[in-house]
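Heads up, the thing below is written out as structure tokens.
The values are calculated or read from the model by the stated rules, or taken from the named source; none is laboratory data. In this text the structure is predicted, and so the values were computed from the model without any measurement. Every residue, glycine among them, receives a Cβ derived from its backbone with ideal geometry; neighbour counts consider all protein chains shown.
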Amino acid sequence: MRKLLALLLVFSLAVTTATNIAYAQEDTTASEEAAAEDAAVEEAAPMEEPAAEQVAAEADEAEQLSGFQILKKYFIDGDWKFMSFVLICLILGLAFCIERIITLNIATTNTDKLLARIDDELKSGNLEGAKEVCKSTPGPTASILYEGLKNADNGPEAVEKAIVSYGGVQMGLLERGLVWISLFIAIAPMLGFMGTVIGMIQAFDRIQAVGDLSPSVVAGGIKVALLTTVFGLISAIILQIFYNYIVNKIDGIVNKMEDASIAIVDIMAENNVFSK
């Protein structure tokens with residue numbers, strides 16, 4: 001329930017951000033279309049000097065902007081219809097990543113310390129005390145050790161079977177949400193490429209309407225196309241880094257679970273739990 005509420009909150013934030021960007025995009029689009037029409041109609045004056053002055057003005061403006069302002073400017077310059085979808089994919093993907101990282105950090109257990117406490121309880125013949133140690137310790141490792149201790153009366157084979165069966169359940173819980181992160185990693189660049197194709201189509205439509213191949217006519221559509229691709233790839237790269245970290249974290253927890261599963265059977269055998 002907490003995860004669902006967090007995702008809804010993040011989604012509403014993404015929608016609000018996209019709406020604000022859409023309003024800003026409408027204002028800038030109107031001015032850009034007017035400037036493009038003026039540039040298309042002017043045929044008498046040469047284009048080289050104004051283009052050079054415009055490039056110099058844009059360079060000076062870019063130097064005065066901060067990093068966040070530059071990012072916001074380029075985001076607005078891209079087509080907001082596709083840039084908003086890419087932003088939503090990034091935000092939702094980060095929400096799943098943060099949820100997984102928090103869950104996995106909570107699930108990380110000091111297995112050596114846990115096994116030592118179980119060993120101390122079993123040495124004194126307190127099997128119920130060993131179970132209580134596992135129940136009071138959070139994490140999947142303590143859960144599978146508890147399942148093994150519950151089946152101590154049925155012999156070592158039953159203990160191993162219970163640990164293996166419950167270990168598969170815990171593996172599924174650890175990997176929950178990874179499929180959604182993979183989905184957003186795949187969708188973000190696809191949306192960027194779709195914006196690229198549509199931007200190129202718009203550029204060629206503008207060339208056809210104007211009947212001129214001047215740079216000022218083509219540059220707008222190509223810029224939109226490239227910006228959507230860049231933001232889609234950046235979103236996928238960010239999510240891929242988090243995804244690899246999460247997978248590495250899961251592998252570490254699983255290795256500790258397997259080591260603890262082998263050790264608990266040896267500890268129970270050394271303390272003659274199976275002979276009782």
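Please tell me if Thr137 is within 34 Å of the chain's Cα centre (by Cα), farther than 27 Å from Ile102 by Cα and among the polar types (S, T, N, Q). Give the derivation first.
Numbers: within 34 Å of the chain's Cα centre (by Cα): yes; farther than 27 Å from Ile102 by Cα: no; among the polar types (S, T, N, Q): yes.
Taking the combined requirement at face value, the residue does not satisfy it.
For the range 218-252, the set of residues classified as aliphatic (A, V, I, L, M) and at pLDDT 90 or above consists of Leu233, Ile234, Ala236, Ile237, Ile238, Leu239, Ile241, Ile246, Val247, Ile250, listed by residue number. Counting just the residues of the range 224-276 that are among the charged types (D, E, K, R) and surrounded by fewer than 18 Cβ atoms within 10 Å (Cβ to Cβ), which one comes out farthest from Ala203 (Cα to Cα)? If we take residues in the range 224-276 being among the charged types (D, E, K, R) and surrounded by fewer than 18 Cβ atoms within 10 Å (Cβ to Cβ), then Lys276 is farthest from Ala203 (Cα to Cα). Total residues in the range 109-139 satisfying the condition of being touching a Gly at 6+ places or on another chain (Cβ under 8 Å) and assigned to a helix (DSSP H, G or I): the figure is 1.
Among the residues making up the range 188-206, those that are over 11 Å from Ile222 (Cβ atoms) and in contact with a Ser or Thr (Cβ under 9 Å, 6 or more places away or on another chain) are Ala188, Pro189, Leu191, Gly192, Phe193, Met194, Gly195, Ile198. From the list Asp205, Asp266, Asp212, the lone residue that is over 35 Å from the mean Cα position of the chain (by Cα), of a type in the set (D, E, K, R), modelled with pLDDT under 80 and in a helix (DSSP H, G or I) is Asp205.
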